[in-house]
Amino acid sequence: MALSDTKIRNLVKKDKLYQVADGGGLSLEILKSGKKVWRMSYRLDGKKERVTIGEYPFITLAEARAKRHEFKEMITHGRSPMKEKQKNKVLKEPDTVALFAELWVQDMVIPNNKKPIAIQRILTKDVMPIIGDKLLKDVSVSDILRITDRIKARGSDSIALDARGILKRLFSYAITRDKVQTNPAAKIDAQYIATAKSRDRSLSSDELAILDLFFKKKLIYHVKIP
């Protein structure tokens with residue numbers, strides 16, 4: 001049954017929070033404190049999502065219903081009201097590394113990487129404990145080196161290089177969003193962090209020609225290319 005202002009005013013707090021539906025996914029959640037908060041539940045691409053609209057009476061019943069209509073239009077076009085709100089929150093709030101990284105992961109990492117979990121793992125384990133609370137504009141070259149040195153200290157040179165690369169991409173995106181003017185990770189040449197090691201390499205055309213000649217003449221049974 002649809003809500004009315006009279007019904008809403010008569011809703012009282014209880015020992016636990018509860019919800020009263022208005023229809024179309026819109027509901028009013030009454031918290032244990034007595035606060036009344038508008039929320040909307042919906043499905044997008046088969047997944048359940050929920051977005052907070054705001055607190056009653058600051059958001060009136062009419063305004064909440066208008067938001068419901070707006071969100072339904074977004075869902076029809078394949079857009080997530082929840083993610084849109086998160087993105088706007090990040091853009092409006094202080095530009096900490098942690099908040100901006102959430103935006104970057106959603107906008108760039110997940111859509112463009114086959115295994116985004118690897119990037120998210122490095123951000124969670126190695127980056128956020130060091131600079132997550134810092135403002136983007138306050139991150140320095142020394143901060144990047146603190147991260148990579150810490151990783152190298154546990155014997156993971158390749159992960160240190162990956163972390164530098166991830167931060168370079170994150171700050172590059174921050175520049176396009178006009179959050180910062182410089183990229184601290186780009187100021188550090190990879191060779192000063194670690195040297196990537198690989199047991200395999202591609203043979204040059206000259207080496208391939210020599211190898212082919214040796215086998216044709218049966219002059220060698222085993223060739224070792226330094």
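The values are calculated or read from the model by the stated rules, or taken from the named source; none is laboratory data. All of these numbers come straight from a predicted model, not from anything done at the bench. Note that each Cβ is placed from the backbone with ideal geometry, even for glycine, and that neighbours are counted across all protein chains shown. Heads up: the accessible areas ignore ligands, DNA and RNA and are worked out on the full protein's heavy atoms, side chains in. Shrake-Rupley method; radii C 1.70, N 1.55, O 1.52, S 1.80 Å.
In this structure, the amide hydrogen of Leu17, modeled 1.01 Å from its nitrogen in the peptide plane, lies closer than 5 angstrom to those of Lys32, counting only residues at least 5 positions away or on a different chain. The order of Arg164, Arg65, Arg169 by accessible area, most exposed first and with a 1.4 Å probe, is Arg169, Arg65, Arg164. Among the protein heavy atoms, those of Val105 account for about 10 Å² of accessible surface (1.4 Å probe, every chain in place). Spin-label model, Lys7 to Leu44: label points 7 Å out along the Cα-to-beta-carbon direction sit 2.7 nm apart.
Sketch the reach of a paramagnetic label on Thr76 as a point 7 Å from Cα along Cα-to-Cβ, and name the residues of segment 15-29 whose backbone nitrogen lies under 19 Å away. From segment 15-29, the list is 23-26. Applying 1/(1 + (r/R0)^6) with R0 = 41 Å to the Cβ-Cβ distance of Phe58 and Lys114 gives a FRET efficiency near 0.40. Distance from the alpha carbon centroid of segment 8-62 to that of segment 147-179 works out to 41 angstrom.
Paramagnetic label reach from Arg121 (point 7 Å along Cα→Cβ; backbone nitrogen cut-off under 14 Å): within segment 148-184, residues 156, 158-160, 162-163. Give the residues of segment 22-52 whose amide nitrogen is closer than 16 Å to a point set 7 Å from the Cα of His69 in the direction of its Cβ. Answer for this model: 23-26.
Residue-normalised convex hull volume from the C-alpha trace of segment 2-102: 126 Å³ per residue.
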